Ligand code: DX5
Ligand code: ZN
């Protein structure tokens with residue numbers, strides 16, 4: 001099974017984004033965390049910064065929208081050329097309609113769930129999505145510890161994806177290190193977001209290699 005590493009630029013140097021993007025060329029994707037200080041208690045950046053990242057990096061942009069009213073913004077990220085656009089299930093009453101808009105705009109549609117949100121109500125719509133993001137920390141900040149309690153949900157999604165026979169990616173985000181990636185891979189994740197454990201070290205590409213090895217071991 002192929003695995004993907006998606007370094008989160010939340011842990012990069014915001015004054016040197018282009019330089020730091022040049023340090024993760026061996027990654028599969030670049031994870032871009034958009035926060036609005038309403039859906040989560042933190043504020044990052046929006047579409048203009050994501051668009052510049054798309055221009056200066058050859059990596060596909062994996063946008064993670066931690067925002068209220070994703071109907072307003074998610075399609076704009078897709079139209080701007082994001083490879084995947086993931087919005088939170090908690091932030092919308094009609095995830096299927098939004099997923100269809102994203103696909104129509106040419107992006108992979110992703111749905112993210114906070115640690116305390118149950119997956120069951122979403123399982124019947126699984127086919128509407130290209131990827132599911134099981135948050136392994138409370139969204140809002142980098143550098144937090146992985147919550148092992150989220151692995152039960154990951155296993156449930158993994159089982160449902162397997163039963164569907166579809167190629168739906170299973171993403172984990174938060175506290176992913178060379179140790180926790182083993183746990184998440186074992187539970188069925190195939191796409192791994194990592195911020196501090198990639199950019200918090202002098203050689204991010206060596207860290208990507210280490211994570212890749214750990215996930216496939
Ligand atoms: C947290 C963000 C994550 C964050 C992960 O809300 O969604 O993508 O950057 O950071 P680490 O890998 O440091 O936990
Ligand atoms: Zn994220």
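Nothing in this text is a laboratory measurement; each read-out follows from the coordinates by a stated rule. The structure displayed is predicted, hence computed values, not measured ones. All Cβ positions, even for glycine, are placed from backbone atoms using ideal geometry, and neighbour counts span all protein chains on display.
Is it the case, given these coordinates, that residue 116 is away from ligand 2 (no atom under 15 Å from the Cβ), farther than 22 Å from residue 199 by Cα and touching a strand residue (DSSP E or B) at 6+ places or on another chain (Cβ under 8 Å)? Judged against the criteria, residue 116 is not a match.
In segment 181-207, the residues that are over 29 Å from residue 156 (Cα atoms) and touching a residue at least 60 places away in the same chain (Cβ under 8 Å) form Cβ pairs under 7 Å with partners that are part of a helix (DSSP H, G or I) and within 15 Å of ligand 2 (Cβ to nearest atom), at six or more places apart or across chains, as follows: 199/11; 200/11; 204/198.
For the subset of segment 77-91 comprising residues that are more than 16 Å from ligand 1 (Cβ to nearest atom) and in contact with a strand residue (DSSP E or B) (Cβ under 9 Å, 6 or more places away or on another chain), which member is farthest from residue 15 (Cα to Cα)? Restricting to residues being more than 16 Å from ligand 1 (Cβ to nearest atom) and in contact with a strand residue (DSSP E or B) (Cβ under 9 Å, 6 or more places away or on another chain), the top hit is 78. Taking the listed residues 70, 41, the one that is more than 23 Å from residue 176 (Cβ to Cβ) and more than 14 Å from the chain's Cα centre (by Cα) is 70, with no other qualifying.
For segment 144-154, the candidate set comprises residues that are farther than 19 Å from residue 110 by Cβ and more than 15 Å from the chain's Cα centre (by Cα); within that set, the residue that is farthest from ligand 2 (Cβ to nearest atom) is 152.
Could you tell me whether segment 15-24 includes any residue that is under 17 Å from residue 207 (Cα atoms), touching a helix residue (DSSP H, G or I) at 6+ places or on another chain (Cβ under 8 Å) and within 13 Å of ligand 2 (Cβ to nearest atom)? No, there is no match, as no residue in segment 15-24 is under 17 Å from residue 207 (Cα atoms), touching a helix residue (DSSP H, G or I) at 6+ places or on another chain (Cβ under 8 Å) and within 13 Å of ligand 2 (Cβ to nearest atom). Filtering segment 183-205 to residues that are within 15 Å of ligand 2 (Cβ to nearest atom) and touching a helix residue (DSSP H, G or I) at 6+ places or on another chain (Cβ under 9 Å) leaves 184, 189, 192, 194, 195, 196, 197, 198, 199.
Can you name the residue in segment 92-113 that is in a loop (DSSP other than H, G, I, E, B) and out of contact with any strand residue (DSSP E or B) (no Cβ under 6 Å at 6 or more places or on another chain) and is also nearest to residue 65 (Cα to Cα) among such residues? So the residue we want is 92.
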